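The values are calculated or read from the model by the stated rules, or taken from the named source; none is laboratory data. Bear in mind the structure is a predicted one, so any value in this text is a computation, not a measurement. Positions of Cβ are backbone-derived with ideal geometry, glycine not excepted, and every protein chain shown enters the neighbour counts. Just the protein is used for accessible areas: all its heavy atoms, side chains included, with ligands, DNA and RNA removed. Shrake-Rupley method; radii C 1.70, N 1.55, O 1.52, S 1.80 Å.
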Amino acid sequence: MPFPVDMRFIEELETDLGLSFPEKFTTKMTIENGGEFQTDEDEWTLFPFLDKSDNKRISRTCNHIGLETANAKEWENFPADAVAIGENGFGDLLILLPDKSIPSKLTDNIFVWLHETGEIYELAENINSID
């Protein structure tokens, strides 16, 4: 079950990645760090931000965005500039990509990365469009 996360943990990952997350995404995640949703094609789980508040939250957020992004970057065809924010349980990932005009800022758009082909397609205009 998702629960709120303090903005400091989001900012910590932003510093580690050298990227800033979109405002709509961070607003949603500060209220509900992670969660699940369904589309016509798939059921998706959003990765949480690592919450180091206490042992219970550390354990509940161990599959966090930072770790899952690092793991995804080991795949040969995963985009080098992408950040993994969710999964469907079959290897495909939800990703955020940098803004072409401001490479240090991730766009609002939510994309699907297909692990078998490396294909990327847009799933939603922003995180609020998929709930």
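Quick notes
- Glu122 being open to solvent by 20 Å² or more (accessible area, probe 1.4 Å), touching a residue at least 12 places away in the same chain (Cβ under 8 Å) and out of contact with any Pro (no Cβ under 9 Å at 6 or more places or on another chain): yes
- Top-ranked residue in region 91-114 [being touching a residue at least 24 places away in the same chain (Cβ under 8 Å) and out of contact with any strand residue (DSSP E or B) (no Cβ under 7 Å at 6 or more places or on another chain); ranked as farthest from Gly18 (Cα to Cα)]: Gly91
- Region 55-81: number of residues that are touching a strand residue (DSSP E or B) at 6+ places or on another chain (Cβ under 8 Å), among the aliphatic types (A, V, I, L, M) and under 19 Å from Glu12 (Cα atoms): 1
- Where a residue in region 57-76 is farther than 18 Å from Thr30 by Cβ and its partner, wherever it lies, is among the hydroxyl-bearing types (Ser, Thr, Tyr), with Cβ under 9 Å and at least six apart: Asn63/Thr45
- Checklist (1) in contact (Cβ under 8 Å) with a residue 12 or more places away in the chain; (2) open to solvent by 70 Å² or more (accessible area, probe 1.4 Å); (3) in contact with a Leu (Cβ under 9 Å, 6 or more places away or on another chain) applied to Ile31, failing item: (3)
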